[in-house]
Amino acid sequence: MRSKGELTIMENLNLSKLTVTILPLMEYGAAWELQKEAVHAIDAGTASEQLILLQHPPTYTIGSQNHPEHLLLSGEQLRQQGIALFEIDRGGDITYHGPGQLVGYPLLKLGEHGKVDLHGYLRKLESVIIAYLEAYGITGTRKQGYTGVWVGDEKICAIGVKFNKCKFRRGFVTSHGFAFNVSAGIGQSGFTGIIPCGIAEYGVTSLEECTGRAFDIGTVAEELVPYFLEQFPYSQTAPGEPGRCYLSAKRD
């Protein structure tokens, strides 16, 4: 893995700032509200762009494609298994979030200074995970017709986003993001109660299953940040309060 490098304080006022926050386990509803508040503040110019990295307790989320038939458990079964259910405003179908999965929420401004490539944004998110996997000798790929990252015919990272149209400026602020399976057994612990993303013919896998190694989620979060910076134009880092890393960035 590459070294983290030395932290540098940037004072150039022409550079905007990205706040990267690595959080402990957070209930899904609280994280969704956190995103909404941040999107409004970023749009209004009162907060910097953000990348939030965290885990959720067991949760199913149904996106805007809205296929409730892809949920295979009854309400009573969900309660017995302690799995929360949310119908949310991102794109895509149903997916699972839970311990052992690193969830990333990039809250970024797109299209403020010109044409925005929404599909290109999704491809960049995929490239972050593909490059990270490559560092561990894993070949991550895209699969035609689907969004996300695959290892063979098994999905290792699901992606579903929302492009929030700005009210105070041109363009959009992104929300939601990616769910990267890290821990072994996550397919059996959470995905068996759904048809993930509505795709019945393919399974899911994880970083630990692909490598045969054990990983700490917090360490994976820290390691992933430089790969995110390779795909998005954030270049220098500055230290902040505990749990946060401030990144100065040139914007297009």
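Pairwise over distinct Cα atoms, reciprocal of the mean inverse distance: report the Kirkwood radius of the range 21-78 in Å, one decimal place.
About 13.8 Å for the range 21-78.
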Amide H proximity to Thr205 below 5 Å, modelled H, separation 5+ or other chain, gives Lys155, Ile156
Calculate the FRET efficiency for Asp117 and Leu73 from the Cβ-Cβ distance with a Förster distance of 35 Å, rounded to the nearest 0.05. 0.40
Charge tally in the Cβ shell below 10 Å around Ala47, where Lys, Arg are +1 and Asp, Glu are -1, Ala47 excluded: -2
What are the extents of the Cα atoms of the range 104-193 along their three principal axes, listed from largest to smallest and rounded to whole Å? 45, 28, 23
Net charge near Gly160: determine it from the other residues with C-beta under 14 Å of the C-beta of Gly160, scoring Lys and Arg +1 and Asp and Glu -1. -1
The alpha-carbon center of the range 172-194 and that of the range 105-165 are separated, in whole Å, by 14 Å
For Asp117, Asp93, the accessible-area ranking with a 1.4 Å probe, largest leading, is Asp117, Asp93
Give the residues of the range 83-125 whose amide nitrogen is closer than 12 Å to a point set 7 Å from the Cα of Arg213 in the direction of its Cβ. none
What nm distance separates the two modelled labels at Ala47 and Gln144, each placed 7 Å from Cα along Cα→Cβ? 4.1 nm
Share of carbon and sulfur in the accessible heavy-atom surface of the range 54-202 [1.4 Å probe, %]: 49 percent
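The values are calculated or read from the model by the stated rules, or taken from the named source; none is laboratory data. Keep in mind the model is a prediction, meaning the values are calculated, not measured. Quick reminder, even Gly has a Cβ in these numbers, built from the backbone with ideal geometry, and neighbours come from all protein chains shown. Each accessible area value is taken on the protein alone, full model and side chains, heavy atoms only, with ligands, DNA and RNA left out. Shrake-Rupley method; radii C 1.70, N 1.55, O 1.52, S 1.80 Å.
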